[in-house]
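See below for the structure under consideration.
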Amino acid sequence: MPAVDVRLLEVVKRFGDMVAVDRLTLDIQDGEFFSLLGPSGCGKTTTLRMIGGFEEPTSGLIELQGEDVTWLPPFKRNVNTVFQNYALFPHLTIYDNVAFGLRRKGVKDAEVKRRVTEMLELVELPGFERRKPTQISGGQAQRVALARALINRPAVLLLDEPLGALDLKLRKQMQVELKRIQQEVGITFIYVTHDQEEAMTMSDRIAVMNQGHIEQLGDPESLYERPSTRFVAGFLGISNLLPGAVEGTDGSYATVRMADTSSVRAPSALVGSHADVSIGVRPEKIRLREPADRTPDGHNQITGVVRDASYLGVSTQYVVEARGGARLTVYEQNVERTTRAELWAPGEEVLLTWSPDHSFVVVDQPTPAVDGSTPA
Amino acid sequence: MTRHRWLLPYLLMAPGLLWLAAFFVLPNIQMVLMSLSTGSISQGWTFAWDFDNYLGAFGRFPDNFRNSLVYGGMATLVCFLIGYPMAYGIAFRGGRYKTLLLFLVIAPFFTSFLIRTISWRILLGDQGPFLAVVRNTFGVVPANFSVIGTPLAVVAGLIYQFLPFMVLPLYVALEKIDKRLIEAARDLYAGPWRRGGAIAGSIAGGVVVAFVLTGLGYASLEEGGVVGFAAAVVAGAAVGGLIGAFLISESFVRVTWPLSVPGVFAGSILVFIPAIGDFVNVELLGNPKSQMIGNVIQNRFLQQNDYPTAAALSFILMAGILIAIFIYARVLGTEELTGGRS
Ligand SMILES: Nc1ncnc2c1ncn2[C@@H]1O[C@H](COP(=O)(O)OP(=O)(O)O)[C@@H](O)[C@H]1O
Ligand SMILES: [Mg+2]
């Protein structure tokens, strides 16, 4: 069992009346690639800045490798940061930028030279030593910022939307690169992003944040396949939610009856003891069939009418109106049906089926008034 | 239109260039000619390649040249020592009061330059609000103690006069420093800077005290004030060292300071050039012995009608300033000042 590297305990940060971070509790394991994911303004940067020592929490505790660092200034923490717009020192060469931390720690010149050279190789920028930050591209600046932080061999590296300023192609490339470097150096990365795809590509675990608190924490698959709140279901991809009342359980599946009297099933472990839930299903998990077709045993099925079809090349996106009036999004790979005549057309009646194992459950808790306004 | 695009910048510069040609270049040419002429106001001037004007001007007023250099330099140094923390405070801690504070910095300009200097005469005067209280009420200083008429009063006037010229460029340079660079430095283990800060602070403190006492005429060895003088300088150095050790951090030395150097350069020049050529402050706040080269030039031009000497002095001053700026730029590092950084 890996050691806990960073621990946040009931951390609160207020700016005046504004609660930016609300009783955040979090354990981050040694060597993991951990992401804080959430919309702009949800408190990701503030959380990161408290770990880095740039903000002091209003209350709560921050531990680094078992040591309470809550009140330590940044230069006394074994943590380094890759800033949102890199924050390279414009008056120093790339070499001096990367060497900055080692020199402050009083490392000998020969050792500094060896490690800077080694680090510039790791980020694939050998030969850039004498350039100034204005003489390199955005992607290269990004690598320098990474080298400048990593060279200090911190216990934890904090990255605040480090790829935000790069174009899409470069961003994809850097995602792979970052993951490679992280595995090579084995340092814990805490990565802040609002891009769900980016978080899913790189992270071992993700904490989805909303309005200063963590909505759900888990590995990318479980967050996508089994989101437990409406917010997470909506933030990570598209989801269809069908509200209903729990009717009963037959062993491993619970039956949920919807307003239009049709019923669907979901793993009972997810339903727990709740009475009112919403059953969710991802668009690519649903199959569309002729109304007369046979549904595989035990699969959920509801009937509906196709309202819209958009051909996207790799797949077709349908909007289907269920009998009860709910609109569901369905993706169908363009394998069996490829020509316009073969695709489902608006107005056609269809059967939507999916395995109950692909159902997830979202509970609309009557949470206290603090964040009662859960986004739809 | 597009074919003549290259003309546009020149057209935009034309009014300024014409202005400079008419009111700077032409008078200067005339001055060069005058500085090499002989004759008198009644008989007229004849151009004669008379370099004696220069040799004479240089040799005859060594004290005035020295005064100019020392007072101008001191004013610049003290403006910097006062102005840097001021600009730093406004730029980094001003918050929503920034504009108001900047307005206060330039507020004195709304009053006539002459009136301001005259009011300093009153402020520093023997019966002025400060000295009268210190001398009469508390009896801290001897009864014949004066500030007005000393070099200190002249330099104090210069400092007051030109402080905004130091603060504004410094503010501009400091204001545009990305605050995250300082966070980045702190993230990369830049902490306090106790030893260096103590050294820098004590040098500054010692220099300021030494300068104030010298300016007041308290440095004369005959009066046996050496011990007192040394003690005061040491005390100043101690206070400065303490302030430096606690206020100067490594992130300041490594990031803020180098990035503000262009502002230091601009501010120093804007203070030094007018200060070194000033004559009004000496007239109103100084004494005959504290006359600067500006007073001599003014006197030669307007009272003695010795135009060639006055012109030669002006050019010597100009050359001196140019050389000083050149050396200064070299010391601060030309790349910092001209390098095409954003
Ligand atoms: N220094 C500050 N003063 C006041 N409010 C702040 C400050 N920093 C952040 N906030 C507020 O705190 C909330 C969270 O901000 P932040 O952590 O930057 O969000 P994120 O990085 O997730 O976009 C925002 O509403 C923001 O306006
Ligand atoms: Mg942010």
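Read the figures in this text as sums done on the coordinates, not as results from a lab. Here the structure is a predicted model, which means the values were calculated and not measured. Reconstructed Cβ throughout: ideal geometry from the backbone, glycine too, with neighbour counts over all protein chains shown.
Taking the Cα centre of the protein assembly as shown as the origin and placing charges on Cβ (Lys, Arg +1; Asp, Glu -1), which of B:Gly56, B:Leu20, A:Leu146 is farthest toward the positive end of the dipole?
Going by the Cα projections, it comes out as B:Gly56.
Considering only the other residues whose Cβ falls under 12 Å of the Cβ of A:Leu37, what net charge follows from Lys and Arg at +1 and Asp and Glu at -1?
Residues close to A:Leu37 contribute a combined charge of -3.
Determine the relative contact order of the range A:4-225: mean sequence separation of Cα pairs under 8 Å and six or more apart, normalised by residue count, in whole percent.
Reported as a whole number, the value is 30 percent.
Taking H as built 1.01 Å from N, whose amide H comes closer than 5 Å to the amide H of A:Val82, not counting residues under 5 places away?
A:Leu158, A:Leu159, A:Asp160
Treating only the Cβ atoms of Lys and Arg (+1) and Asp and Glu (-1) as charged, compute the dipole magnitude of chain A about its Cα centre; round to the nearest 20 debye.
My answer is approximately 1420 debye.
Output needed for chain A: three equivalent-ellipsoid semi-axes, defined as square roots of 5 times the C-alpha gyration tensor eigenvalues, in descending order, whole Å.
Over the Cα atoms of chain A, the ellipsoid semi-axes are 47, 26, 16 Å.
Of the trypsin sites (Lys or Arg not before Pro) in the range A:240-322, which ones lie in a loop per DSSP and count no more than 12 other C-beta atoms within 10 Å?
A:Arg294
Which three numbers, in whole Å and largest first, are the semi-axes of the equivalent ellipsoid of the range B:258-320 derived from its Cα gyration tensor as √(5λ)?
28, 15, 7
Sorted from largest down, what three extents in whole angstroms do the Cα atoms of the range B:21-155 have along their principal axes?
Cα extents, longest axis first: 60, 46, 25 Å.
Just rank A:Ser222, B:Ser290, B:Ser37, B:Ser112, fewest to most, by other beta-carbon atoms within 10 angstrom.
B:Ser112, A:Ser222, B:Ser37, B:Ser290
Using DSSP to call loops (not H, G, I, E or B), can you name the trypsin sites (Lys or Arg not before Pro) in the range A:95-159 whose Cβ has at most 13 other Cβ atoms within 10 angstrom?
The qualifying sites are A:Lys105, A:Lys108, A:Arg130.
Kirkwood Rh over Cα pairs of chain B into Stokes-Einstein at 25 °C, 0.890 mPa s: D in µm²/s?
106 µm²/s
If eta is 1.567 mPa s and T is 4 °C, what Stokes-Einstein diffusion coefficient results for the protein assembly as shown, Kirkwood Rh from Cα pairs, in µm²/s?
Approximately 40 µm²/s, per Stokes-Einstein.
Helices from chain A with mean Kyte-Doolittle at least 0.0 and a Cα length along the axis of 15 Å or more, per DSSP H: which?
A:138-150
So what is Rg over Rh here for the range A:4-225, counting just Cα atoms and using Kirkwood for Rh?
Looking at the range A:4-225, the ratio lands at 0.96.
Putting +1 on Lys and Arg Cβ atoms and -1 on Asp and Glu Cβ atoms, find which of A:Val19, A:Val123, A:Thr93 reaches farthest to the positive end of the dipole of chain A.
The residue sitting most towards the positive pole is A:Thr93.
Within the set of other residues whose C-beta is less than 14 Å from the C-beta of B:Ala87, count the net charge using Lys and Arg as +1 and Asp and Glu as -1.
+2
Taking only C-alpha pairs under 8 Å that are 6+ residues apart, what is the relative contact order of the range A:193-292 in percent?
Contact order relative to length: 18 percent.
So, with +1 on the Cβ of K and R and -1 on the Cβ of D and E, and no other charges, what is the size of the charge dipole of the protein assembly as shown about its Cα centre, to the nearest 20 debye?
My answer is approximately 2220 debye.
Could you work out the relative contact order of chain B, using alpha carbon pairs under 8 angstrom and six or more residues apart, expressed as a whole percent?
26 percent
Which of B:Arg96, B:Arg60, B:Arg116 moves most in a GNM of chain B, Cα contacts under 10 Å?
Greatest mean-square fluctuation among the candidates belongs to B:Arg96.
Rounded to whole Å, give me the distance from the Cα center of the range A:139-207 to that of the range A:257-323.
Cα centroid to Cα centroid, the span is 37 Å.
Please name whichever of A:Ala345, A:Asn334, B:Ala107 sits farthest to the positive end of the charge dipole of the protein assembly as shown, dipole taken about the Cα centre and charges placed at Cβ: Lys and Arg +1, Asp and Glu -1.
Result: B:Ala107, furthest along the dipole toward the positive end.
What's the local net charge at A:Leu343, with K and R +1, D and E -1, over the other residues with C-beta under 13 Å away?
So the surrounding residues net to -3.
Counting helices only, and only those DSSP H runs with n ≥ 4, report the 222 nm mean residue ellipticity of chain B as the sum of -39,500 (n - 2.57) divided by its residues, in deg cm²/dmol to the nearest 500.
Computed ellipticity for chain B at 222 nm equals -22000 deg cm²/dmol.
Enter the Cα centre distance for the pair the range A:64-129 and the range B:241-298, rounded to the nearest angstrom.
One Cα centre to the other: 37 Å.
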